[in-house]
Amino acid sequence: MPKIELITEINSTIELCFDLARSIDLHKISTSKTNEQAISGTTSGLIGLNEFVTWQATHFGIRQELTSKITAFERPYYFVDEQVKGAFKSIYHEHKFEHVPGKVIMRDIFKFESPYGVFGQLFNKLVLTNYLKKLLTDRNRIIKEFAETDKWRSLIINQ
């Protein structure tokens, strides 16, 4: 099972970073290149424990849907989203947040399994792992940008 681990340092509060990471609206902004849209479940605002969202997007020229659910949640330190329906055999994404003096360490641990046995494994190695890493890196760059400026005010109320 491929695993992607990313660490992003953000000069902001842990609560704000946590909330931006679970913002449906920020996710839409960070995935505008693939035209991701939340089409059912929690379709805007902040997603929470036991809530789900179905995303529709175009990847590799194919329009597809993926439903994920928040299966673990401890604000502002940790949450997990897992695929419950979609093109992958499985997706498990841990989001961890740690406050250290002057900054927040945001850690993503993203594990996934593709269908189609050996062919899926080959596709993972040749294309998919790097593609997903870039999507996650772009998303984290947007989270950092919003958290370190006043842009977050357009998304997060009562912070």
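Being charged (D, E, K, R) and farther than 22 Å from Pro115 by Cβ is the filter here, so list the residues in the stretch 39-93 that pass it. Within the stretch 39-93, Glu51, Glu74, Arg75 qualify.
Annotation for the stretch 10-26: no member residue is of a type in the set (Val, Ile, Thr), surrounded by fewer than 17 Cβ atoms within 10 Å (Cβ to Cβ) and assigned to a strand (DSSP E or B).
Taking the stretch 108-150 as the range and being exposed (fewer than 15 other Cβ atoms within 10 Å of the Cβ), charged (D, E, K, R) and over 19 Å from Asn35 (Cα atoms) as the test, the residues that pass are Lys125, Asp150. The set of residues in the stretch 46-81 that are among the charged types (D, E, K, R) and either surrounded by fewer than 17 Cβ atoms within 10 Å (Cβ to Cβ) or outside any strand (DSSP E or B) (or both) comprises Glu51, Arg63, Glu65, Glu74, Arg75.
Suppose we filter the stretch 54-85 for residues that are within 26 Å of Ile7 (Cβ to Cβ) and more than 12 Å from the chain's Cα centre (by Cα); how many remain? Reasoning before the result, please.
Step one: of the stretch 54-85, the residues within 26 Å of Ile7 (Cβ to Cβ) are 55, 57, 59, 66, 68-83.
Subsequent filtering for residues that are more than 12 Å from the chain's Cα centre (by Cα) retains 57, 59, 66, 71-78.
Qualifying residue count, the stretch 54-85: 11.
Taken over the stretch 30-56, the criterion of being at pLDDT below 95, closer than 22 Å to Ala147 by Cβ and of a type in the set (Val, Ile, Thr) is satisfied by Thr31 alone. Filtering the stretch 118-156 to residues that are touching a Leu at 6+ places or on another chain (Cβ under 9 Å) and in a loop (DSSP other than H, G, I, E, B) leaves Leu155, Ile156. Among the residues of this structure, Lys103 counts as one that is farther than 26 Å from Ile39 by Cα, more than 15 Å from the chain's Cα centre (by Cα) and modelled with pLDDT of 95 or more.
One residue stands out among those in the stretch 85-97 that are part of a strand (DSSP E or B) and loosely packed, with under 15 Cβ neighbours inside 10 Å: the one that is modelled with the highest pLDDT, which is Lys85.
The values are calculated or read from the model by the stated rules, or taken from the named source; none is laboratory data. Worth saying up front: this structure is predicted, and the values here are computed from it rather than measured. Backbone-built Cβ (ideal geometry, glycine too); neighbour counts: all protein chains shown.
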